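Report on one structure; see the data block that follows.
The values are calculated or read from the model by the stated rules, or taken from the named source; none is laboratory data. It should be emphasised that the depicted structure is a prediction, and the values quoted were computed from it without experimental measurement. Counting neighbours? That spans all protein chains shown, and the Cβs are built from the backbone with ideal geometry, glycine included. To get the accessible areas, we keep the full protein, side chains included, count just its heavy atoms, and leave off ligands, DNA and RNA. Shrake-Rupley method; radii C 1.70, N 1.55, O 1.52, S 1.80 Å.
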Amino acid sequence: MARPTTKAGLMAAATDNYRKLNVLIAGMTQKELTTDFDFAGDGKKKEAHWRRDKNLRDVLIHLYEWHRLLLNWVHANQNGEEQAFIPQPYNWRTYGQMNAAFWEKHQGTSLEEAKEMLEKSHNEVLCLAETFSNAELFTKGVFKWVGTSALGSYFVSNTSSHYDWAMKKLKAHIKNCKEKE
């Protein structure tokens, strides 16, 4: 599916990919749910997230925390509090450290809590997106605080594109589990 460039496309892709993610999760076996992720044997999986996330909870929490980044950023800037998308002390060069901090923060969070948190934040993100017009979401320069991108690109990145990322990771884990049977 092409990256959405309209509000209708954003809402449809976010809703559809979230549904697909939940269907994938619902179909996971007990073994797939309880076996730690292990991508060490795949030399193509070099990015830090392949080592960071150890289970479904970690993936769901990652999605949840990025939803919170988006929600906090938009709300703060709408209220006149100038804030960058990536909060201090992090930036786009060090956001991997922020992701590691999110991982650490939620090691005591249960899978059920993670599912509930993600469901709530997903709905909040879609409700927030609904408050903007198509032009506000997909025209560059509408909001000074967004910089040179369109606001909608942040919504797409934090919903449908991020859900794609999660599904790829879960499918790789499921495949690993089946190969070890």
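Taking only the C-alpha atoms of the stretch 104-181, Rg followed by Dmax gives 16.9, 54 Å. Distance between the modelled labels on residue 84 and residue 44, one decimal in nanometres: 3.4 nm (7 Å Cα→Cβ projection). Between the beta carbons of residue 29 and residue 76, assuming R0 = 45 Å, the FRET efficiency works out to 0.60 to the nearest 0.05. For the chain, the longest principal axis of the alpha carbon atoms and the long axis of helix 56-78 meet at an angle near 10°. Remark: spin-label model distance residue 93-residue 140 equals 2.3 nm, labels positioned 7 Å along the Cα→Cβ axis. For the stretch 59-181, the residue among 160, 135, 87 whose Cα projects farthest onto the positive side of the dipole built from Cβ charges is 160.
The mean accessible area for residues of the stretch 6-156, using a 1.4 Å probe and ignoring ligands and nucleic acids, is 53 Å² per residue. Remark: spin-label model distance residue 113-residue 101 equals 1.9 nm, labels positioned 7 Å along the Cα→Cβ axis.
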